[in-house]
Amino acid sequence: MELVGSPLTATHAHPRSTPTNFLPAISTMASSYKNRFPYYPLPQSFSLPRTPSAYYRTAATNPTLAPFSGSSRGLTPSKMLPFVSNRTSLFTRYTPDDWYRSNLTNYRESETSRHNSENLRVDTSRLIQDKYQQTKKTQAETTRNLGERVNDIEFWKSELCHELDEMIGETNALTDTKKRLERALVETEAPLQVAQECLLHREKRMGIDLVHDDVEKQLFTEVDVIKSCQERMQRYLDRAKAQLASNRAAQHEVERDLANKQTAHRIDDKCHHLRNTSDGISYYRGVERVDATISVPESWAKFTDDNILRSQSERAASAKLRDDIENLLVVTANEMWNQFNSVNVAFTNRIAEMADAKSKIQTHLAKTLQEIFQIEMSIEAIQKAIRDKVPPLKVAQTRLDERTRRPNVELCRDSAQLRLVNEVHELDETIQSLQQRLRDAEDTLQMLVRAKAVLEHDLAVKANSLFIDQEKCMGMRKSFPCTARLVGYV
């Protein structure tokens, strides 16, 4: 029981013992890089004060006495607390044992606090060292991972650069081949036009010379061969254009991937070389919760590998197409040259036949003209012979007419009379036979004249055909493109 006025030495006035577990255990404070919510360093404004005075705030409560003046207001002097100096008897004192026990308790509590503090300092020092080593190891692993990532990017960059160079070279080669094919296709127009003009010129042949001979067959074959070559060239030209578009698409994908790799390489290389003392490092709150990734290492490598495989596939198709175009140019050039030579051989043979026929016609015409001359001479001889028979006939008939004037019995049928009559008959028969022969000769002359006209017309026809084949057609066919032009090199 405490009396009023006793010193305020209640238990709450003693310093409260510091709990041994006022800080969490070290094991609960250890953090790992695998935690979902890792420890984030706070800025200086949010860090704890250097002197943890808050820990001692509860233990630093100093007991105070209530002011006598304030507590004695309104009280009678008999109820006022007595001063210590006025005490006349002992009341509510601690015993020495209590004093020793209190000191021992304070000693033990002090030792416990010191021990806890020493353990805390040792654990804290060890924790700081462990976290330092862990942070250093984690940062080294991250730096090593970034270095490996940079090496991976450099590897794929080199692969993309090599594939891009190969694709650019293949695209340029295919472009050159396409241009050669276009030039070769343009060069086929001249031979086609020549063949068609030869056919048109040969339509100007006349009469019997409008024959479907071997030359015309070969010309039609040449037109078909050239058109077939043009169709194949145009088909491969369309394929080359489509392949160029595919090459450019694959090249665009490789270039875009390479540009992305270069940007990523620059960023990761910068991150790889960042250190704790580097400039430009700062806090970025919540950045670890932002997942902007869209690929994993497997899909990332597969994406680049697919681009390279696509580019390689397009390059292989482009190279095969170039080989096909080269073979096509050689084959078409050989086909057109072979057919060109066949047409020329047919023309040469036909011209030789035409020249031989013309020579024979000229020979027959010369003989016909000679025969016409001879038959005309015969006609003139017959006419002269007929004219020569007129005077003897007149003489004989005049003799007979004169002898009819003999008188009476003198009109004797003597031998002279009979001979004159026979002479007149003979002359008449001679003149009639000569006239018949004259008519036959004139008919023969007409036949010869008609034959001459036929031969002359045929000779003109042959000369016209020979001029068309030899001068016009063969004259145009001397300008057939060379093999270098047909394969597109010129």
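The values are calculated or read from the model by the stated rules, or taken from the named source; none is laboratory data. Everything numeric here is computed off the predicted structure, so don't read it as measured data. Cβ sites come from the backbone with ideal geometry, for glycine too, and all protein chains shown count toward neighbours. Surface accessibility is based on the protein's heavy atoms, side chains included, excluding ligands, DNA and RNA. Shrake-Rupley method; radii C 1.70, N 1.55, O 1.52, S 1.80 Å.
The single residue among L365, L418, L393, L369 that is assigned to a helix (DSSP H, G or I), in contact (Cβ under 8 Å) with a residue 12 or more places away in the chain and over 25 Å from L455 (Cα atoms) turns out to be L393.
Against the test of being touching a Pro at 6+ places or on another chain (Cβ under 8 Å), of a type in the set (A, V, I, L, M) and surrounded by 15 or more Cβ atoms within 10 Å (Cβ to Cβ), the options L438, L393, L427, L434 yield a single qualifying residue, L427. For the range 331-372, taking the residues that are of a type outside the set (A, V, I, L, M, F, W, C) and under 44 Å from the mean Cα position of the chain (by Cα), the one that is farthest from G475 (Cα to Cα) is identified as T332.
If the requirement is being outside any helix (DSSP H, G or I), within 29 Å of S158 (Cα to Cα), of a type in the set (K, R) and out of contact with any strand residue (DSSP E or B) (no Cβ under 8 Å at 6 or more places or on another chain), which of these qualifies: R275, R256, R248?
R275
Residues in the range 219-228 that are in contact with a Leu (Cβ under 9 Å, 6 or more places away or on another chain) and free of Cβ contacts under 8 Å to residues at least 40 places away in the same chain were compared, and the one that is farthest from N172 (Cα to Cα) is F220.
Answer yes or no as to whether R413 is open to solvent by 70 Å² or more (accessible area, probe 1.4 Å), on the phi < 0 side of the Ramachandran plot and not in a helix (DSSP H, G or I). Yes; evaluated as a whole, the condition is true for this residue. May I ask you to verify whether Q262 is open to solvent by less than 50 Å² (accessible area, probe 1.4 Å), part of a helix (DSSP H, G or I) and polar (S, T, N, Q)? Here the answer is no, as Q262 does not meet what is asked.
How many residues are farther than 16 Å from N172 by Cα and either touching a Ser or Thr at 6+ places or on another chain (Cβ under 6 Å) or crowded, with 16+ Cβ neighbours inside 10 Å (or both) if we restrict to the range 233-252? Quick ask: steps written out before the conclusion?
Taking the range 233-252 first, the residues farther than 16 Å from N172 by Cα are 233-236, 238.
Then keep just the ones that are either touching a Ser or Thr at 6+ places or on another chain (Cβ under 6 Å) or crowded, with 16+ Cβ neighbours inside 10 Å (or both); that gives 233, 236.
Result for the range 233-252: 2.
For I153, the criteria (1) over 30 Å from R256 (Cβ atoms); (2) touching a His at 6+ places or on another chain (Cβ under 6 Å) hold in every case but one, which is (1).
Give T304, T277, T221 a once-over and let me know the one that is open to solvent by 90 Å² or more (accessible area, probe 1.4 Å) and among the β-branched types (V, I, T). Criteria check complete, one pass: T277. Quick check on the range 243-258. Is at least one of its residues within 35 Å of the chain's Cα centre (by Cα) and under 30 Å from M336 (Cα atoms)? Yes, some residue in the range 243-258 is within 35 Å of the chain's Cα centre (by Cα) and under 30 Å from M336 (Cα atoms).
Cβ-Cβ contacts under 8 Å between residues 6 or more apart (or on different chains), taken from a first residue in the range 229-249 that is among the charged types (D, E, K, R) to a second residue that is part of a helix (DSSP H, G or I), are listed as R232/L328; R232/T332; R239/L321; K241/K178; R248/T171.
Evaluated against (1) in contact (Cβ under 8 Å) with a residue 60 or more places away in the chain; (2) open to solvent by less than 60 Å² (accessible area, probe 1.4 Å); (3) not hydrophobic (A, V, I, L, M, F, W, C), E216 falls short on exactly one condition, (1).
Screening D123 against (1) surrounded by 13 or more Cβ atoms within 10 Å (Cβ to Cβ); (2) without any contact (Cβ under 8 Å) to a residue 60 or more places away in the chain; (3) of a type in the set (D, E) leaves a single unmet condition, (2).
Somewhere in the range 184-196, is a residue among the hydroxyl-bearing types (S, T, Y), at pLDDT below 90 and more than 19 Å from K320 (Cβ to Cβ)?
Looking through the range 184-196, at least one residue is among the hydroxyl-bearing types (S, T, Y), at pLDDT below 90 and more than 19 Å from K320 (Cβ to Cβ).
Of the residues making up the range 180-189, just one is closer than 14 Å to D224 by Cα and open to solvent by 30 Å² or more (accessible area, probe 1.4 Å), namely E189.
Tell me yes or no: at least one residue of the range 378-389 is free of Cβ contacts under 8 Å to residues at least 24 places away in the same chain, hydrophobic (A, V, I, L, M, F, W, C), open to solvent by less than 90 Å² (accessible area, probe 1.4 Å) and under 26 Å from A451 (Cβ atoms). Scanning the range 378-389 turns up at least one residue that is free of Cβ contacts under 8 Å to residues at least 24 places away in the same chain, hydrophobic (A, V, I, L, M, F, W, C), open to solvent by less than 90 Å² (accessible area, probe 1.4 Å) and under 26 Å from A451 (Cβ atoms).
Being open to solvent by 70 Å² or more (accessible area, probe 1.4 Å) and closer than 30 Å to E314 by Cα, is that true of even one residue in the range 133-151? Yes, some residue in the range 133-151 is open to solvent by 70 Å² or more (accessible area, probe 1.4 Å) and closer than 30 Å to E314 by Cα. Restricting the range 349-362 to residues that are open to solvent by less than 80 Å² (accessible area, probe 1.4 Å) and without any contact (Cβ under 8 Å) to a residue 12 or more places away in the chain, the residue that is farthest from Q435 (Cα to Cα) is A352.
Restricting L321, L309, L329 to residues that are among the aliphatic types (A, V, I, L, M) and open to solvent by 30 Å² or more (accessible area, probe 1.4 Å) narrows the list to L309.
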